[in-house]
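Please read the structure below before turning to the comments.
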Protein chains: 2
Amino acid sequence: MGTVLQRDAERTRRALLDAAATALRTLGPSVSLDVVALQAGVSKGGLLHHFRSKDELFAGLAGEWMARFDAAVQTHLDPADAEPGRLCRAHIRAAFDDTVTGDDQLWSDPAVLAALLAVPEVLRRARESGVRWRSELSADGLHPDRVLLISRVLDGMWMTELLEGRADLDERHRTRDILLGLTRDTGPMIAAE
Amino acid sequence: MGTVLQRDAERTRRALLDAAATALRTLGPSVSLDVVALQAGVSKGGLLHHFRSKDELFAGLAGEWMARFDAAVQTHLDPADAEPGRLCRAHIRAAFDDTVTGDDQLWSDPAVLAALLAVPEVLRRARESGVRWRSELSADGLHPDRVLLISRVLDGMWMTELLEGRADLDERHRTRDILLGLTRDTGPMIAAE
DNA sequence: ATTAACATACCGTCCAGACGGTTGACGTAC
DNA sequence: GTACGTCAACCGTCTGGACGGTATGTTAAT
């Protein structure tokens, strides 16, 4: 049968990351390793076996966060869509996906993101991904001004959710539809021209 | 002559807040009171005289930040502008003001903002201001969709600067002009209709 | 003299990380 | 198939230092 890891290391690693995210959301970046370990049902020694330092734990969190982000975008890529702006549309649909639930919901909590970005080392890593996403979106075939606007709005969603909580469904749908319209050349033009 | 405060309490208070912001940017929210006090040229006892606890210091930081934000918007309010969207335009011009310098620049550093928002208590206060700004902008006489889009983009600027650094001048100007155009009913329409 | 504005010394707690152990899975040899 | 070596996965404890906050002095303005 499938290789069952000895004592399921991967499982505990996941549990540790989930616990860290949970604790981060409620306690901010000042969480202690003890709390995370306890929450994950592991001793502190066990935690330090998987992440040799607190920074490494945070780095792992950042990696997990970005991996989930990439995966979410990938999920929302429409195979039937071959027109310019398809990647933008995937980003938009991923950002406004309201069907996420369970553990995944934790990782889309803006408070977790804020706590993560407050850690200088994490911020450094996030910047690298930031420029990658930027270049990918730029190569999506849309007018630069449209990409510019869409990117800023998507970024803004995080900040807005952090400051005002998640908006009601109607507003979210309006925002999403405006953005999706911006990805269609037939949609209302916004760039000066 | 003008009331010179005894031993210039106001001055040291400012110095403490500036030092806290500086330390916050480089060290994240785990900054210690000792570091802040040292940086401000004050003993820890002196710090605790002005801010009786660490939370109070953070609360003071948040208050200062929001006060500076309000002041910046106020500065960019055009008295000669009486048309709908004047408050939105002030927000936009404030967000894209590149002439800020010196101490003020520190307070417009997104890393400071991120570190602040990671503190749960600060986040709570920020939320109150968030809904206030929102209602003010809604009463600015513009189409709701336009306000929606503009607000999101302005919020997004913080996140973008945090993740990618400040964009070059050309891009900033383009973004600003797009937004300013959105505040004019004669500008290109974006709302479905 | 009184009070605000600091400084100094100190205490109790918390916490990151080190360290030495223990347990269980897996291969290997017989 | 069983005894054994080995290595990753994990546990529990300890410690040195950092850190928030208190308690108490000291100085300057009014």
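Derivation of every value follows stated rules applied to the coordinates shown; laboratory data play no part. For clarity, every value in this text was computed on a predicted model and none was experimentally measured. Quick reminder, even Gly has a Cβ in these numbers, built from the backbone with ideal geometry, and neighbours come from all protein chains shown.
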Worksheet item: What is the sum of charges around A:ASP104, taking Lys and Arg as +1, Asp and Glu as -1, for the other residues whose C-beta is under 13 Å from the C-beta of A:ASP104?
Response: -4
Response to the item:
Rounded to the nearest 10, the angle in degrees between the Cα long axis of helix A:144-164 and the longest principal axis of the Cα atoms of chain A comes to 50
Practice prompt. Sticking to Cα atoms, compute the Rg of the stretch A:115-177 to one decimal and its Dmax as the biggest Cα-Cα distance, whole number, in Å.
Written response: 14.0, 37
Worksheet, complete the sentence: Between B:ASP70 and A:ASP98, the FRET efficiency computed from the C-beta separation at R0 = 45 Å comes out, to the nearest 0.05, as 0.85
Fill in: Label-point separation in nm, B:GLU56 to A:ASP78, each point 7 Å along Cα→Cβ
5.7
Worksheet item: Per-residue ellipticity at 222 nm for the protein assembly as shown, helices alone: DSSP H runs ≥ 4 residues times -39500 (n - 2.57), over residue total, nearest 500 deg cm²/dmol?
Response: -22000 deg cm²/dmol
Worksheet item: Which Cα, out of A:ILE150, A:ALA59, A:ALA114, lies furthest along the positive dipole direction of the stretch A:53-188 (beta carbon charges, K/R +1, D/E -1)?
Response: A:ILE150
Response to the item:
Taking the label point 7 Å from Cα along the Cα-Cβ vector, the copy-to-copy distances for B:LEU48, listed from shortest in nm with one decimal, are 3.0
Worksheet item: Given R₀ = 22 Å, FRET efficiency for A:GLN105-B:ARG124 by Cβ-Cβ distance, to 0.05?
Response: 0.55
Worksheet item: Put the label 7 Å from Cα along Cα→Cβ for B:ASP8; what are its distances to the other copies, in nanometres, shortest first?
Response: 6.3
Worksheet item: Convex hull over the alpha-carbon atoms of the stretch B:1-120: what's its volume per residue in Å³?
Response: 141
Worksheet item: Taking K and R as +1 and D and E as -1, what net charge do the other residues with C-beta under 10 Å from the C-beta of B:ASP155 add up to?
Response: -1
Worksheet item: Where the eigenvalues come from the Cα gyration tensor of the protein assembly as shown, what are the semi-axes √(5λ) of the equivalent ellipsoid, largest first, in whole Å?
Response: 34, 33, 16
Worksheet item: Excluding same-chain residues fewer than 8 positions from A:LYS54, which lysines have a Cα within less than 26 Å of its Cα?
Response: A:LYS44, B:LYS54
Fill in: Shape metrics for the stretch A:69-126, restricted to C-alpha atoms - Rg then Dmax, Å
13.8, 41
Fill in: Computed over the stretch B:89-193: relative contact order in percent, which uses C-alpha pairs under 8 Å that are six or more apart
37
Worksheet item: Can you give the relative contact order of chain B as a percent, counting alpha carbon pairs under 8 Å and 6+ residues apart?
Response: 22
Fill in: Selected from A:ALA114, A:ALA71, A:ALA95 as most flexible by GNM, with chain A as the system and alpha-carbon contacts under 10 Å
A:ALA71
Practice prompt. Could you work out how far helix A:54-75 tilts from the main Cα principal axis of chain A, as a 0 to 90 degree angle to the nearest 10?
Written response: 40
Worksheet item: In Å and whole numbers, how far do the C-alpha atoms of the stretch A:53-188 stretch along each principal axis, longest first?
Response: 52, 32, 25
Response to the item:
Sorting from shortest, the nanometre distances separating the label point of A:ASP70 (7 Å past Cα along the line to Cβ) from those of the same residue in the other copies are 4.5
Discussion item. Whole percent per 10 Å bin, from 0 to the bin with the longest distance: what is P(r) over all C-alpha pairs of the stretch B:1-52?
Written reply: 26, 51, 17, 5, 0
Response to the item:
A correct Karplus calculation of ³J(HN,Hα) over the stretch B:87-97, with 6.51 cos²θ - 1.76 cosθ + 1.60, θ = phi - 60°, whole Hz and x for Gly and Pro, returns 5, 4, 4, 4, 4, 4, 4, 5, 5, 10, 6
